Number of protein chains: 4
Amino acid sequence: MQNKKLKIGIVGGTGYTGVELLRLLATHPYAEITAVTSRGESGMPVADMFPSLRGYIKAVFSDPATVDLSLCDIVFFATPNGIAMQQTRDLLAIGVRVIDLAADFRIQDISTWEKWYGMSHACPDLVGEAVYGLPELNRDKIRTAQLVANPGCYPTAVQLGFMPLLEAGVVDVKHLIADAKSGLSGAGRKAEVHSLFAEAGDNFKAYGVSGHRHLPEISQGLTSMAKSQVGFTFVPHLTPLIRGIHATLYATLTKDVDLQDLFETRYSNERFVDVLPKGLHPETRSVRGSNQCRIAVHCPQGGDKVVVLSVIDNLVKGAAGQAVQNMNIMFGFAENTGLEVVPLLP
Amino acid sequence: MQNKKLKIGIVGGTGYTGVELLRLLATHPYAEITAVTSRGESGMPVADMFPSLRGYIKAVFSDPATVDLSLCDIVFFATPNGIAMQQTRDLLAIGVRVIDLAADFRIQDISTWEKWYGMSHACPDLVGEAVYGLPELNRDKIRTAQLVANPGCYPTAVQLGFMPLLEAGVVDVKHLIADAKSGLSGAGRKAEVHSLFAEAGDNFKAYGVSGHRHLPEISQGLTSMAKSQVGFTFVPHLTPLIRGIHATLYATLTKDVDLQDLFETRYSNERFVDVLPKGLHPETRSVRGSNQCRIAVHCPQGGDKVVVLSVIDNLVKGAAGQAVQNMNIMFGFAENTGLEVVPLLP
Amino acid sequence: MQNKKLKIGIVGGTGYTGVELLRLLATHPYAEITAVTSRGESGMPVADMFPSLRGYIKAVFSDPATVDLSLCDIVFFATPNGIAMQQTRDLLAIGVRVIDLAADFRIQDISTWEKWYGMSHACPDLVGEAVYGLPELNRDKIRTAQLVANPGCYPTAVQLGFMPLLEAGVVDVKHLIADAKSGLSGAGRKAEVHSLFAEAGDNFKAYGVSGHRHLPEISQGLTSMAKSQVGFTFVPHLTPLIRGIHATLYATLTKDVDLQDLFETRYSNERFVDVLPKGLHPETRSVRGSNQCRIAVHCPQGGDKVVVLSVIDNLVKGAAGQAVQNMNIMFGFAENTGLEVVPLLP
Amino acid sequence: MQNKKLKIGIVGGTGYTGVELLRLLATHPYAEITAVTSRGESGMPVADMFPSLRGYIKAVFSDPATVDLSLCDIVFFATPNGIAMQQTRDLLAIGVRVIDLAADFRIQDISTWEKWYGMSHACPDLVGEAVYGLPELNRDKIRTAQLVANPGCYPTAVQLGFMPLLEAGVVDVKHLIADAKSGLSGAGRKAEVHSLFAEAGDNFKAYGVSGHRHLPEISQGLTSMAKSQVGFTFVPHLTPLIRGIHATLYATLTKDVDLQDLFETRYSNERFVDVLPKGLHPETRSVRGSNQCRIAVHCPQGGDKVVVLSVIDNLVKGAAGQAVQNMNIMFGFAENTGLEVVPLLP
């Protein structure tokens, strides 16, 4: 079964999640890149834009208006929000499975989505069919999903960090806090002044304290894990990294529990979640370029506060890597196929 | 009165707080560098080690064993912890005023200090005489102090951020959280592997979650402001900045209050605390090289959580700049003398 | 005479050279900011865009179409190339002196200028009147100049490095090489993908090897110093710095000469050129934020090659600082007025 | 033959070349890590020091004094200079092949080596047997070598850039210049003040202009290619990158030649040398984490100067990757085995 290569389409191949998909799929044994689209760069070899792919990717950017994606087994949308929802219905109808790396299918409550994303949803009925692609939570549903909503980067790091606590019911769910820090690639490959090297370098700042689009996505997930409405405060920050998210999570314990054992047990069978030995602190560089999430759990001075440290590479476990992990699950490949990339340190 | 220049001694001039004192004092109109000591570099011109000071500082490093500090009006200790307490009694006895930039005199409870700093205190009786040099809190006492304990970098950013809330009694003091991020100069000019560019660059991590030496210093200050024992969680992080601290503070409101007005009123007469207009987020670079602390206060989604963002340059308001501010107060100069350095942006 | 403050206009205040002019002029004792223009940000307080200037600059951006610059004693153009030449004639006509930080008046040969800058020159006759504002070369002419062409950043570092060699006639002028490296602020505050943190961070590259606009500017200067046509190869590179230019210059010696003495003698009276002791290597950070150029001269293995290392802060000695230095000369102030800013290290 | 895994020993596994060998060998299909030694860390699991290797490397650091390397098929020395020469004779005697990543066997002239490295050579007779491990130059000799001297990082980038020009005899060999820039990992994982983040970050400088140890290594190689003594000037610089070398090479053309064709032809069969299309500039990040060397050749303004731009990852093609490439050649594996790692961009 696994001898036949999957025909893969990537819609929106000029952003960071697009090039990262190509990096990972370039050495995936069952992947064949059939089409990579770009509105602006149609006709240009992909490797001319991303010289790191020279020798690995022969594809040429296609015009999304004329490309035929019906030959694909699966299509990844690495596009801005609001694009996938325009095209997904037609693709599903002809049997092409879809993974959206943007936010179009992540939030089940349509009015919430429309409020935070500032547009009308083009296919609300498909949202209910979409599976939220966090394998550690939804592996079984992903297997048979036709449409996967790939989680956001912050939501991946935060939810994997809180999950054992909420599922076990050992913290006060009304006062959850996530202080999250992201590298600049999380802002995308868009020409914006505040993302310039001379602006974001040697600089640290919070942003979106009044409300960030990942807040409702995370709240939805945490509420589902807790089986009751959570109170959740989310403060994202920009830090001068290229890649990496570090989420520092705070909660108040309501039960006496062996936190180290709780986390190790929860993730004992998860290839891509690594619970560090007690007392350690994960570094973002320890997952650079890899699909790993590394987590440490602390209880400072033995008090009632639990502090969880969760790190991922925002472009891999926080985007393209998790998408490939989902693809592997959907098509019955070993979950780590093409994802055994050793992190780059230093 | 102000025509006569102060004779200034700096003990330990080869670290970052030492060179930063020299940078600021080089253009201070009432400062005359009398002695700069270094055990290892005695005899070397200071500007040979720090070429940025060429043309500004003519001093040569003196041997601390032989230097005569009795001619000084004031001595700054820019030394590791445990040095100032060996020499302060003698200096005070001959009328030399002292500002310690290390931690020897910061914590009033001697046993707490000895536990966190792992040594016996050499002069516990002087700790009670020392004034904690946070001008915004202790200006009047600093004026007449013979011995000033200059606050730590994290403690400065965190205490200035919490102060209006605690003094006004509007938050639950049992659940205060400070998620703080520091640049690498905070680790000092010590040759250590984890501070190498190739280790700390493009990397983000928490450290000391189980307990950091600034925890008891901050707790002491917050408890004093709150007039009752606080519950305080402190998680420091290293971020790839050269300079800068960003403290993100979380508390739960217990009273209805106009937060913006509370902060603006509290700091309306403070030259070095700048409360940003509502809704903004301070950046560390906006204070780079300057003695400014910039603060913003948020109440996300109008809930019961208050989020305070507080940034300083750890080497200036968090160390050498605050020390000069204290010196200005002690000697009756205008508080901003020599400190009107416009931040370097970009 | 120096009691009266100069009324200063800045055309184009939203770029890096604009904000840098404001940083330096904010504490200049004889400067009064009369107008700062911006096409896009008219009506916004300058300090809202650049929070580092809060408390120092009260000016509000003016609309360049309606602002009256006739009240100014001097106008700085911190604009893209091609703007100053549209407005300079009118300003000069009413007695306003002009310093252009862009390239409009730097190149005496109009056809060369038009070829490299891709536009027709609006006032070729004024080019001949303009003084090239490199004080170490043209101090006397600058004193009485009505119009100063402020040098480019690369040209400043490269010309100051080659000048003693060419004036003394000790190298083969047919084979001069400048391998120059610039930080990202040199690319300006423009939203462009290749200047993003995630593109330019942890990355190093050459650019413009086939021809960079600073090539004819430097060639013109070197030829003038050598009094014969030079052969000059110029390769600029981008390095992940915010500020700083490092020029590494190569030439072949044709005469036996004491290089150290040659350089020290040439610059003995120059406040802003610092010749390092023999054997040292200047670092860009040793001039960060300051108007200093630091130079070292080497003769590796005692062979016939001379290697000159020249560093500046591209925004200060390479732009705004040199402009203020020129202003000081033009108005009879001490040349270092407002420019005694100690470099920020670390 | 290739079914049997090689037993591999790594002497000195705590430096950057050591961890990089482990990263690459972790997924090499024919590699089995038999021993990793460290004087200081004996008994510690390797992955405790380098968490990026968690899940990939189970080895524990061995004491070099007691480890038995006789079981190994090959031993890599990732040690400081002067160690490999102490142990190589014994290993070769029992049939263990050796690759030294340090400099002990790189320079054929013993007195030159002893002068630059400041020690007596322990086994001068073996130097003549060693093969200089630049596969693009010495592939056939490497195949049967028992002892390979792995080239330095600068020498790899510089020699690959000059090779086509020198072999073809089209440049003046008396005036070759290499202006080279390296990231900080090239300085090794040693605790030294000048390599701290707060020292080397946002900073650029030249070093060793009077003479760098890679100078005689490169001169030896260039002279061999040119078949006559070259005149060579080498200026290395430190740039705030973690990984990456960019060499900018200058020479004067003596013949009319199609440079692009010359380079493309020379490297047409080389898997790890990529000649870019005419007019492009290689970026260090385009080879980050990979064994690729990317080269561009320019002739600015059609003059007589040729400028070659050559980039490598100093830890891969400049060290560990080239060592694995050499191992593959020595043992008859496909040369790219284990080395098809797509560069990490961004």
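Would you confirm whether any residue within region C:260-277 is modelled with pLDDT of 95 or more, within 12 Å of chain D (Cβ to nearest Cβ) and in contact with a strand residue (DSSP E or B) (Cβ under 9 Å, 6 or more places away or on another chain)? Yes, region C:260-277 contains a residue that is modelled with pLDDT of 95 or more, within 12 Å of chain D (Cβ to nearest Cβ) and in contact with a strand residue (DSSP E or B) (Cβ under 9 Å, 6 or more places away or on another chain). Being farther than 21 Å from C:V170 by Cβ and surrounded by fewer than 24 Cβ atoms within 10 Å (Cβ to Cβ) holds for only one residue in C:R285, C:R271, and it is C:R271. The set of residues in region A:133-149 that are in contact with a Ser or Thr (Cβ under 9 Å, 6 or more places away or on another chain) and not in a helix (DSSP H, G or I) comprises A:L134, A:L147. Would you mind stating whether B:R106 is touching a strand residue (DSSP E or B) at 6+ places or on another chain (Cβ under 6 Å) and over 18 Å from B:L69 (Cβ atoms)? Considered against the rule, which asks whether it is touching a strand residue (DSSP E or B) at 6+ places or on another chain (Cβ under 6 Å) and over 18 Å from B:L69 (Cβ atoms), B:R106 comes out as yes. Among the residues of this structure, A:N336 counts as one that is surrounded by fewer than 24 Cβ atoms within 10 Å (Cβ to Cβ), touching a residue at least 24 places away in the same chain (Cβ under 8 Å) and not in a strand (DSSP E or B). Output the residues belonging to region D:174-205 that are closer than 22 Å to A:P240 by Cα, of a type in the set (G, A, S), assigned to a helix (DSSP H, G or I) and in contact with a Ser or Thr (Cβ under 7 Å, 6 or more places away or on another chain). Hit for region D:174-205 is D:A198, nothing else.
Would you please name the residue that is nearest to the other protein chains (Cβ to nearest Cβ), looking only at residues in region C:32-41 that are modelled with pLDDT under 95 and surrounded by fewer than 16 Cβ atoms within 10 Å (Cβ to Cβ)? Restricting to residues being modelled with pLDDT under 95 and surrounded by fewer than 16 Cβ atoms within 10 Å (Cβ to Cβ), the top hit is C:G40. Once region C:97-141 is narrowed to residues that are without any contact (Cβ under 8 Å) to a residue 12 or more places away in the chain and of a type in the set (G, A, S), the residue that is farthest from C:I8 (Cα to Cα) is C:S111.
Inclusion of C:L309 among residues that are assigned to a loop (DSSP other than H, G, I, E, B) and either within 18 Å of C:R243 (Cβ to Cβ) or within 11 Å of chain B (Cβ to nearest Cβ) (or both) is not warranted. Name the residues in region A:287-306 that are within 14 Å of chain D (Cβ to nearest Cβ) and either under 27 Å from D:A320 (Cα atoms) or touching a residue at least 24 places away in the same chain (Cβ under 8 Å) (or both), would you? Matches in region A:287-306: A:V287, A:R288, A:G289, A:S290, A:N291, A:Q292, A:C293, A:R294, A:I295.
Filter region D:295-326 down to residues that are among the polar types (S, T, N, Q), touching a Pro at 6+ places or on another chain (Cβ under 7 Å) and closer than 19 Å to D:L166 by Cα, then give me how many there are. Residues flagged as among the polar types (S, T, N, Q), touching a Pro at 6+ places or on another chain (Cβ under 7 Å) and closer than 19 Å to D:L166 by Cα within region D:295-326 amount to 0.
Annotation note: Cβ proximity below 7 Å between a residue of region A:248-266 that is under 16 Å from A:G161 (Cβ atoms) and a residue that is surrounded by fewer than 19 Cβ atoms within 10 Å (Cβ to Cβ) and among the basic types (K, R) (sequence gap 6+ or interchain) occurs for A:Q260/A:K278. Criterion applied to A:R89, A:R23, A:R97 was being of a type outside the set (V, I, T), closer than 30 Å to A:K115 by Cβ and either buried (at least 23 other Cβ atoms within 10 Å of the Cβ) or out of contact with any Asp or Glu (no Cβ under 8 Å at 6 or more places or on another chain) (or both), and the one residue passing it is A:R89. Applying the set (1) in contact (Cβ under 8 Å) with a residue 12 or more places away in the chain; (2) within 22 Å of D:A319 (Cβ to Cβ) to D:P51 leaves exactly one unmet item: (1). Do we have any residue at all in region C:289-301 that's part of a helix (DSSP H, G or I), over 27 Å from C:G9 (Cα atoms) and small (G, A, S)? No: zero hits.
Scanning region A:47-106 for residues that are under 21 Å from the mean Cα position of the chain (by Cα) and charged (D, E, K, R) returns A:R97, A:D100, A:D104, A:R106. Taking the criterion of being among the hydroxyl-bearing types (S, T, Y) and over 27 Å from C:F272 (Cβ atoms), the residues of region B:39-72 that qualify are B:S42, B:S62, B:T66, B:S70.
Yes/no per residue for (1) touching a residue at least 12 places away in the same chain (Cβ under 8 Å); (2) more than 27 Å from A:V19 (Cα to Cα); (3) within 14 Å of chain A (Cβ to nearest Cβ):
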| position | (1), (2), (3) |
| --- | --- |
| C:G208 | yes, no, no |
| C:S219 | yes, yes, no |
| C:L222 | yes, yes, no |
| C:S228 | yes, yes, no |
| C:I242 | yes, no, yes |
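Of all residues in region D:316-333, exactly one satisfies the criterion of being surrounded by fewer than 24 Cβ atoms within 10 Å (Cβ to Cβ) and of a type in the set (S, T, N, Q), namely D:N328. Among the residues making up region D:173-204, those that are charged (D, E, K, R), within 7 Å of chain C (Cβ to nearest Cβ) and in contact with a helix residue (DSSP H, G or I) (Cβ under 9 Å, 6 or more places away or on another chain) are D:K181, D:E199, D:D202.
Screening C:T66, C:T79 for residues that are away from chain B (no Cβ under 13 Å) and surrounded by 20 or more Cβ atoms within 10 Å (Cβ to Cβ) leaves exactly one candidate, C:T79.
Table: residues versus (1) within 30 Å of D:E20 (Cβ to Cβ); (2) touching a Pro at 6+ places or on another chain (Cβ under 8 Å); (3) surrounded by fewer than 24 Cβ atoms within 10 Å (Cβ to Cβ).
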{"site": "B:T144", "(1), (2), (3)": "no, no, yes"}
{"site": "B:L160", "(1), (2), (3)": "no, no, no"}
{"site": "B:V171", "(1), (2), (3)": "no, no, no"}
{"site": "B:S185", "(1), (2), (3)": "yes, yes, no"}
{"site": "B:G201", "(1), (2), (3)": "yes, yes, no"}
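In summary, C:L126 fulfils each of the numbered conditions (1) under 19 Å from the mean Cα position of the chain (by Cα); (2) hydrophobic (A, V, I, L, M, F, W, C); (3) away from chain D (no Cβ under 14 Å) with the single exception of condition (1).
The values are calculated or read from the model by the stated rules, or taken from the named source; none is laboratory data. All values derive from a computational prediction rather than experimental measurement. Ideal geometry is used to build each Cβ from the backbone, glycine not excepted, and the neighbour counts take in all protein chains shown.
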